[in-house]
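Here is the structure we will look at, set down as structure tokens.
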Amino acid sequence: MNKITNHLPTAELQAIDAAHHMHPFTADGELKQKGARVITSAKGIWLKDSEGEQVLDAMAGLWCVNIGYGRDELADVAARQMRELPYYNTFFQTTHVPAIALAQKLAELAPGDLNHVFYANGGSDANDTNIRMVRTYWAEKGQPEREVIISRWNAYHGSTIGGTSLGGMKGMHGQGSLPIPGIEFIDQPNWYAEGGDTDPEAFGLERAQQLEAKIKEIGPEKVAAFIGEPVQGAGGVIVAPDGYWAEIQRICRKYDILLIVDEVITGFGRTGNWFGSQTLDIKPDIMTVAKGLSSGYVPIGASIVSDKVADVLAATEFNHGYTYSGHPVACAVALENLRILQEEGIVDRVREDTAPYLAEKWHSLADHPFVGETKIVGMMASLALTPDKSKRAPFAADTGTVGYITRERCFANNLIMRHVGDRMIISPPLVITRAEIDTLIERARKSLDEAYEIVKEKGLLVAG
Ligand SMILES: *Cc1c(COP(=O)(O)O)cnc(C)c1O
């Protein structure tokens, strides 16, 4: 049988890619010059490219391949499900076993009274569902003026119109005249970049209390919900100071505001518990999930909804859904992924063994002259690059210039580590071993050393 992959020389694949494939979040013109790296196969935490290089994927794809690459069980389940029932919808009073079984499993795993599942194809469209769901909830409660959703600058909630609007990425808002009406923002709890001389916890409280100020400004009778990631992911793995989430929840309760927690990254073991809400003691009314739900093997997302919200929605027809809501193949694969995470004790191992080990190694990078802080929760971590550690100083160069140089060194050293501005971030597959963590840290340190030299040579080691 012909292999699907590698059927042409790398340069030819790159040329065809450049001619016909528009890449997401990419300046295609620039990429065309360079050629995209062609990934051909993967196993565990290792990618293989078309030149035969083995690359350590410290990002688990896009934060999603929690059980690692190459698990045949998921392929087998997908094939079996495609033969038995490749597709059927759940719109018109029908259902099927994979959608039923996965909903039950998610209700069992999710904390508190999050017992109801509305399926989507990924995180963005699950958040679109959430916008309509919370507004419909309040309309049904006789308070249709409660439409505003409050989010945070530098949040990421996806790339659809709704997801982009909920997110706080100004560069994204700028393309397509977003956000949509009825989305408001408060500042993020990023002490390192924005905390100045304030003590971190006092700063966290201040940022949380912006929520109360914003609610008062808008009028509590107009606010439907607050949305936040337990740990901001795409924003740079920003960990809020202690006390932040307790204060956010106090305010939500005081004004009867629904709390949507976007667990698209933090779900399914990423933080050392099944959900980031458990790690950070958050009690959401609605939880967004995707990514690790299927370990990225197939697209699937969902809103996991509390009894409180689901009971109100049940009284009306919610005119919303996707052709592939609860797709049987996606549900079957997700269920198998959850079985593996659970039966192989992967989440427990992260919490008790490999995440503490990674934390110790990650924090050891803080002694590097280039590194201003290291942060980690479970298996998601970041470090800030700085020209002056003592002042947490940013670079004089455009934000991201130095981060990009560092990322390029990682890429050349066969380590996938991303940069967000001048922060470097990782989120490795949860099956990463101690020995592989050692390799990750070695390559990270080597890349930091090399980038530091380049940055010095180019005269960029200058505080802004
Ligand atoms: C990735 C992500 C999304 C969007 O998910 P897609 O599957 O890409 O639509 C939403 N929220 C968070 C927190 C994410 O990290």
Over 34 Å apart: what share of the alpha carbon pairs of the chain falls there, rounded to a whole percent? 34 percent
Selection from Ser124, Val371, Ala381 lying farthest towards where the dipole of the chain points positive, charges on Cβ: Ser124
On a straight-distance basis, which aspartates and glutamates could pair with Lys446 in a cross-link, Cα separation under 14 angstrom, same-chain partners fewer than 8 positions away excluded? Asp367, Glu408, Asp438
Need the C-alpha centroid separation for the range 271-300 versus the range 134-193, integer Å. 20 Å
Give the aspartates and glutamates whose C-alpha is closer than 15 Å to that of Lys308, dropping any in the same chain fewer than 8 places away, or say none. Asp113, Glu140, Asp256, Asp285
Ignoring any ligand, DNA or RNA, what whole percent of the accessible area of the range 74-229 comes from carbon and sulfur when the probe is 1.4 angstrom? 52 percent
Among His173, Leu338, Pro200, which residue has its Cα furthest toward the positive end of the charge dipole of the chain, with +1 on Lys/Arg Cβ and -1 on Asp/Glu Cβ? His173
At 1.4 Å probe size, what's the solvent-accessible area of Asp187? Round to the nearest 10 Å². 50 Å²
Can you give me the solvent accessible area of Lys32 with a 1.4 Å probe, rounded to the nearest 10 Å²? 100 Å²
Give the distance, in whole Å, between the Cα centre of the range 372-425 and the Cα centre of the range 56-71. 20 Å
For the range 241-392, the dipole about the Cα centre with charges only on Cβ (Lys and Arg +1, Asp and Glu -1), to the nearest 20 debye, works out at 400 debye
What is the sum of charges, Lys and Arg at +1 and Asp and Glu at -1, for the other residues whose Cβ falls under 11 Å from the Cβ of Leu258? +3
Share antiparallel - DSSP beta bridges, the range 73-343, percent rounded to 5: 45 percent
So which of Lys391/Lys458; Lys48/Lys283; Lys291/Lys391 end up more than 29 Å apart by C-alpha? Lys48/Lys283; Lys291/Lys391
Helix-only mean residue ellipticity at 222 nm for the chain, each DSSP H run of n ≥ 4 adding -39500 (n - 2.57), per residue, nearest 500: -12000 deg cm²/dmol
For the chain, percent of DSSP beta bridges that are antiparallel (nearest 5) comes out at 65 percent
Could you please report the charge total around Thr160, scoring K, R as +1 and D, E as -1 over all other residues with beta-carbon less than 14 angstrom from its beta-carbon? -2
Any chance you could list P(r) for the range 73-343, counting all Cα-Cα pairs in 10 angstrom bins from zero, rounded to whole %? 7, 30, 36, 20, 6, 1, 0
Determine which lysines satisfy two conditions relative to Lys214: a Cα distance under 18 Å, and not lying fewer than 8 residues away in the same chain. Lys222, Lys254
Solvent exposure of the chain as accessible area per residue, Å², 1.4 Å probe: 43 Å²
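The values are calculated or read from the model by the stated rules, or taken from the named source; none is laboratory data. This structure is a prediction, so every number in the text was calculated from the model and none was measured. Neighbour counts run over all protein chains shown; Cβ positions are idealised from the backbone, glycine included. Ligands, DNA and RNA are excluded from the accessible area calculation, which covers all protein heavy atoms including side chains. Shrake-Rupley method; radii C 1.70, N 1.55, O 1.52, S 1.80 Å.
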